[in-house]
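The structure appears below as structure tokens.
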Amino acid sequence: MVTDAFDLPEPTYVSVGGSTVATYELTPETAEPSADVVFCHGTPWSAQVWSKVARHLSAGHRVYLWDMPGYGRSAQGSDVRTDLATQMSRFAMLLDHWKLEQPFVVAHDMGGAVALGAHLMHGRDYSNLFLWDVVTLDPWGSEFFRLVADNSDVFAALPASLHKALVAEYIAGATYQRLNPGIVEMLIEPWISDEGQPAFYRQIAELRPEDTRPIVDALPRVRCDTSIGWGRQDPWIPIEQAYRLRQLLPGRSKVITLPGVGHLSPLEAPSLVQQALDAWLG
């Protein structure tokens, strides 16, 4: 059973670009919100990755989250495109739906590429951007990631028990610290249904490093202040990418590194991430 601290409220479903998107909004119970903060998740996660941090920030801010189509509680059917270019466009449209003109945006993993793409390719403006262990610079994608991408139909046909074990092991490989079993169950739950199993492999197959290269070329044109957070022991994307990313961004982006933390900073070290975001918003 997942603890309440990691549960988001029931989603509000909206149609974005023809796909059904699960969205979540958290607001302060007493005070007027100081800012609008939007969270983007990566793969193979959902908005639940940010739930504990989002609940913390919602004490003083209006917080928005979404499950990208193909993930979490959003549509997962075979007709749902999950390539990065499509997700960038959807995020831009979702910001319009929420009527957010200059929110603070926090993005993890490939959610960083999505947020940067909506900004650079679709003209959406942010007050500030915080990138955590983001998929942007080459190289990205593990050997397993590429193996699945080239053989997604074979993996989609695995027996359900083997599929569940594979997803759990894949997620474990992202972390430096072992996650609570309840959190692991929360992360794999969207992928173990009859629809979720093929969706897991399909989204991997549709993610291509060449889709992030136009973003990298455009990084000098980022129009907002940007901060970078990274787990020092990230096994998926080495920490040196944080400093390469800072060199490519305009201005002098602040880099925060978390010792003893892997790729899943929001779940491995939520209190440290909360402190960094409090200072950023403050």
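The values are calculated or read from the model by the stated rules, or taken from the named source; none is laboratory data. Since the model is a prediction, treat every value here as computed from it, not as a measurement. Backbone-built Cβ (ideal geometry, glycine too); neighbour counts: all protein chains shown. Note: areas computed on protein heavy atoms with side chains; ligands, DNA, RNA excluded. Shrake-Rupley method; radii C 1.70, N 1.55, O 1.52, S 1.80 Å.
Per residue, segment 1-111 exposes an accessible area of 40 Å² to a 1.4 Å probe, with every protein chain left in place. Annotation for GLN177 and ASP150: the two label points, set 7 Å from Cα along the Cα-Cβ direction, are 3.7 nm apart. Gap in Å between the Cα centre of segment 98-150 and the Cα centre of segment 8-81? Comparing the Cα centres of segment 8-81 and segment 98-150, I get a distance of 15 Å. Using a cutoff of 8 angstrom between alpha carbon atoms and counting only pairs six or more residues apart, the relative contact order for segment 119-272 works out to 35 percent.
In the chain, the DSSP-assigned H stretches of four residues or longer account for a calculated mean residue ellipticity at 222 nm of -11000 deg cm²/dmol, using -39500 (n - 2.57) per stretch and the full residue count as denominator. Shown is the FRET efficiency for GLU210 and SER161, computed with R0 = 30 Å from the Cβ-Cβ distance and rounded to the nearest 0.05: 0.30.
Split the accessible area of the chain by element, probe 1.4 Å, and carbon with sulfur accounts for 49%.
For LEU258, enumerate residues with amide H under 5 Å from its amide H, sequence gap 5+ or separate chain, H modeled in the peptide plane. When sequence neighbours closer than 5 places are left aside, the close amide H contacts are TRP230, GLY231, ARG232. Each DSSP beta bridge with both residues in segment 1-151 is either parallel or antiparallel, and the antiparallel ones are about 45%.
Annotation: segment 175-273 has a Kirkwood hydrodynamic radius of 15.8 angstrom, from the mean reciprocal C-alpha pair distance.
Solvent exposure of segment 189-282, expressed per residue, is 44 Å² of accessible area, with all protein chains present and a 1.4 angstrom probe. Comparing TRP98, TRP66, TRP45 in a Gaussian network model of the chain (Cα springs below 10 Å), the most mobile by mean-square fluctuation is TRP98.
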